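Shown next, in structure tokens, is the structure this report addresses.
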Amino acid sequence: MGIPFFGPRAGEAEGFGFVDLCAAASEVGVVLALGALLMRDFSRERKLQVAIVLTAAALLVGHLVHLLADGAATGHG
């Protein structure tokens, strides 16, 4: 899963399947579990602040990826 930077197929997106999606989902689960462990002693207000900041950051990164992918698809990138 991803785009190789070197080799004979540099720049071509690789295919992905069910196993790749399962691996990505388990990585997300590990990150969430570690985040929950790190925040277990935080107050409720602090947890809410962290959740809001992380959500805003995820939305901004997702939007940036969308814009970059759209620009590359239309030849404006």
### Query
In degrees from 0 to 90, rounded to the nearest 10, what is the angle of the helix 18-38 Cα long axis to the longest principal axis of the chain?
30 degrees
### Message
Averaging over every viewing direction, what projected area does the convex hull of the Cα atoms of the chain cover, in nm²?
### Response
7.2 nm²
### Message
Suppose only helical runs count, i.e. DSSP H with n ≥ 4. What mean residue ellipticity at 222 nm does that imply for the chain under -39500 (n - 2.57) per run, divided by all residues and rounded to the nearest 500 deg cm²/dmol?
### Response
-24000 deg cm²/dmol
### Query
What is the order of 41, 20, fewest Cβ neighbours within 10 Å to most?
41, 20
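Only the coordinates and a few stated rules stand behind these numbers; no lab work does. On a predicted model such as this, the values are computed, not experimentally measured, just so you know. Methodologically, a virtual Cβ is constructed for each residue, glycine included, from the backbone with ideal geometry; neighbour enumeration extends over all protein chains shown.
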